[in-house]
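Derivation of every value follows stated rules applied to the coordinates shown; laboratory data play no part. Bear in mind that the values here come from a model prediction, so they are computed numbers and not experimental data. All Cβ positions, even for glycine, are placed from backbone atoms using ideal geometry, and neighbour counts span all protein chains on display.
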Amino acid sequence: MAVDTKIASESPKEECGVFGIYGRGEDVARLAYFGLFALQHRGQESAGIAVSDGVTIKFHKEMGLVTQVFDEGVLRDLTGFMAVGHTRYSTTGSSILRNAQPLICSSAVGTIAVAHNGNLVNTETLREELIVEGIEFSTSSDSEVIAKLINKLRGESAEDAVLETMKRLDGAYSLVVMSEDRLIAVRDPYGVRPLCIGRLNGNNYVIASETCALNVVGARFIREVEPGEMIVISDSGMREIQALPTVRYATCLFEFIYFARPDSMIYNRSLHAARRRMGQELAREYPVPGAHVVIPIPDTSIPAAIGFAEASHIPYGEGVIKNRYIQRTFIQPDQRMRDLGARMKYTPLKEALAGKRVVMVDDSIVRGTTTGKLVRMLLEAGATEVHVRICAPPVRHPCFYGIDMATQQELIAARCSVEDIRRRIGATTLGYLSLAGVVRAVGVGKDKFCRACFDGKYPIPVPANVVMSKMILEKGTQPWRDEMPDQTDQVADSVETSMAISGPKSPIG
């Protein structure tokens with residue numbers, strides 16, 4: 001099993017990717033595999049696929065990247081006409097196999113598979129209510145609360161149970177739910193996390209977190225799932241139900257800045273084009289007269305660096321090479337390697353930096369540690385000046401809706417001025433793109449976004465007693481470790497990675 005290298009990243013941690021397909025005559029497991037591969041950037045901790053043939057739900061999930069979890073033999077055994085897939089970055093619950101998704105839940109009325117992107121703010125309350133009713137939990141994930149609630153409420157139809165469950169949930173959720181005979185997709189009434197619909201052919205449909213996953217399986221983008229909407233797909237075709245009234249549009253602004261792939265579309269806007277305009281806005285707000293070269297910190301800031309170079313008429317160049325294979329490894333780095341951190345992930349191009357006044361464009365600063373290491377790396381490679389330009393406003397507030405963003409005490413911009421941050425990271429100058437600049441670049445009014453991590457205005461009310469911790473549900477379950485599972489845990493967990501369920505069985509696979 002692959003383990004996280006825990007090399008610190010300055011950018012906010014990803015959320016999760018969800019994928020669903022209803023495809024008569026299609027190899028749905030293989031299409032789900034490629035869909036998850038396209039969504040790998042949204043989470044690299046675990047991956048899973050569940051399929052249904054109308055009677056039985058089979059599934060396989062494991063820790064690691066999509067290519068580590070699935071092979072030809074596994075995909076060959078996952079036969080059916082529907083599939084739901086998930087690639088995870090943990091925002092509630094440890095990064096261990098028990099919390100991998102899809103979550104499989106069975107009862108007297110049938111079996112469901114649930115894939116969830118987002119985070120609830122009333123998880124503890126719902127979980128305690130279900131425990132009082134005698135319902136047991138196997139994981140420390142808020143997604144299991146959703147799955148158990150749906151299964152408890154199942155009556156005449158799965159969509160009725162999902163609708164009733166939506167009425168109980170507070171927070172951000174984009175869900176794909178699969179019963180034995182239908183696929184259901186829902187989005188919370190604020191639309192915090194993205195979710196879209198594509199058509200494969202005939203009455204075959206695809207649901208995905210981002211449009212890039214539609215492209216890779218050959219599906220044609222139809223539209224985004226609306227906030228509060230439920231999509232039900234079966235042999236009868238696709239039904240659209242406004243399950244809950246849309247409260248407002250509050251898509252996470254960080255999707256445009258960092259999370260979503262540049263070849264995806266949100267609000268019918270190209271992410272690549274929006275990020276390029278962010279760089280142009282940044283050059284206008286914080287110019288660097290006399291700079292020799294503009295370089296990105298790859299990969300997410302490349303479009304913004306191109307835009308900065310275009311607007312400033314400063315040459316664009318590569319100054320840092322990224323090792324794209326450092327994200328997960330079977331070998332834990334020792335403390336010395338952890339301390340080197342950024343050097344394991346990035347290598348400076350000395351010939352492109354020596355004697356140059358450099359503009360370094362990056363997507364965000366969260367804690368400040370990695371940015372400081374990158375600045376030092378560029379200076380040690382011969383840069384005479386390093387002007388840091390960030391294509392996001394200062395991150396001053398934690399996220400409660402599905403981003404594993406540091407607690408407020410860890411956010412450097414929450415306790416330091418811009419000048420203090422500049423000194424700490426060792427930059428010659430430091431400039432953040434304004435919130436107004438981001439909104440101008442996207443081209444959609446600011447009232448269409450959740451901007452809480454920047455301005456502290458949370459669109460979904462957050463209870464005063466909510467604790468900002470992904471481990472909040474670890475109490476009352478089996479004892480969880482702070483670190484990754486040891487080999488004993490891996491052996492125990494591997495028993496549950498592939499199963500087929502038909503009819504009433506034990507809850508949660």
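May I ask which of K167/K448; K373/K457; K350/K373 have a Cα-Cα span longer than 24 Å here?
On the way: K167/K448 22 Å; K373/K457 32 Å; K350/K373 16 Å.
Check vs 24 Å cut-off fails for K373/K457.
Over all Cα pairs of the range 35-126, how is the pair count split among 10 Å bins, expressed in % and running from 0 up to the last occupied bin?
In whole percents, the pair-distance histogram is 16, 47, 29, 7, 0.
Across the range 16-25, in residue order, what do the Karplus-derived ³J(HN,Hα) couplings come to in whole Hz, using 6.51 cos²θ - 1.76 cosθ + 1.60 with θ = phi - 60° and x for Gly and Pro?
Listing the rounded values in order: 8, x, 10, 8, x, 9, 10, x, 4, x Hz.
Given the alpha-carbon gyration tensor of the range 268-449, what are the semi-axes of its equivalent ellipsoid in whole angstrom, ordered largest first, with each equal to the square root of 5 times an eigenvalue?
For the range 268-449, the ellipsoid semi-axes come out as 24, 22, 16 Å.
Can you sort H272, H387, H86 from fewest to most other Cβ atoms within 10 Å of each residue's own Cβ? Don't jump to the answer; show the numbers that get you there.
On the way: H272 16, H387 23, H86 32.
Exposure proxy ranking, most exposed first: H272, H387, H86.
When all alpha-carbon pairs of the range 233-309 are counted, what percent fall beyond 21 Å? Don't skip to the answer; put the middle values down first.
Details: 1364 of 2926 pairs.
Looking at the range 233-309, the distances longer than 21 Å represent 47 percent of pairs.
Determine the gain in length on full extension of the stretch E72-R376; use 0.36 nm per residue of separation and subtract their C-alpha separation, reporting nm with one decimal.
The E72-R376 span can extend by a further 105.0 nm.
What ranking, highest mean first, results for peptides 447-456, 345-354, 131-140 when packing means the other Cβ atoms within 10 Å averaged over each residue?
So the peptides 447-456, 345-354, 131-140, ranked by packing, come out 447-456, 345-354, 131-140.
With the Cα gyration tensor of the range 165-270 giving a ≥ b ≥ c as the square roots of its eigenvalues, does the rule (a/c under 1.5 for rounded; else a/b larger than b/c for prolate; else oblate) give rounded, prolate or oblate?
Judged from the Cα gyration tensor, the range 165-270 comes out oblate (a/c at least 1.5, b/c at or above a/b).
How far apart, in nm, are the 7 Å Cα→Cβ label points at K446 and N201?
About 4.8 nm, to one decimal.
For D420 and I222, what does the FRET efficiency come to when R0 = 60 Å and r is the distance between their Cβ atoms, rounded to the nearest 0.05?
Result of the calculation: an efficiency of 0.80.
On a full-extension model of 0.36 nm per residue, what is the gain between V247 and E410, subtracting their alpha-carbon distance, rounded to one decimal in nm?
Roughly 55.5 nm would be gained on extension.
Taking amide H positions as placed in the peptide plane 1.01 Å from N, state which residues far from I266 in sequence (5 or more) or on other chains have amide H under 5 Å from it.
The list, which skips near neighbours in sequence, is L271.
How far apart, in nm, are two points set 7 Å out from the Cα along the Cα-to-Cβ line at N323 and at V55?
5.1 nm
Does the range 15-250 classify as rounded, prolate or oblate by the C-alpha gyration tensor (a ≥ b ≥ c root eigenvalues; a/c under 1.5 gives rounded; else a/b over b/c gives prolate, otherwise oblate)? Before the final figure, lay out each step's value.
Values: a/c = 1.33, a/b = 1.18, b/c = 1.13.
Since a/c stays below 1.5, the shape of the range 15-250 is classed as rounded.
When the chain is fully extended, how far beyond the present Cα-Cα distance does D181 get from T384, taking 0.36 nm per residue of separation?
Length difference between fully extended and current span is 66.7 nm.
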